[in-house]
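Structure first, then comments.
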Amino acid sequence: MKRTGSFAVLLLLGSLYSGCAPTKVPPAKGGYYYSGIYFGTHFSNEYKRGIKDGCTTAKGSYVKNHKLFNNNDDYNNGWFLGRNRCKDLLVIEEE
């Protein structure tokens, strides 16, 4: 019985916590948006370029600067972040 009660408390706390988290930060608060998705603040230009290229790739058009990807951690991390956050934007056209 004690185990079930603990689970219920954790479930309740988790639902309360998730209800308080903002889903979108207003543009007035700053930060970087691409394709309508808020990514966060304080990114270098290389990180933003990686986000843009990764997002474009996730939407179906492969874009990657291989030199930056292999030699610049900001671009590399941004590319993966963009690809992962934009994967739901892929549009498959059926004929």
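Using every pair of separate Cα atoms, the Kirkwood estimate puts the hydrodynamic radius of the range 28-89 at 11.2 angstrom. Amide hydrogen proximity for Val63: with H placed 1.01 Å from N in the peptide plane, the residues at 5 or more positions away or on another chain lying under 5 Å are Thr57.
FYI, it's all coordinate maths here, none of it is from the lab. Since this is a predicted model, take the numbers as computed values, not measurements.
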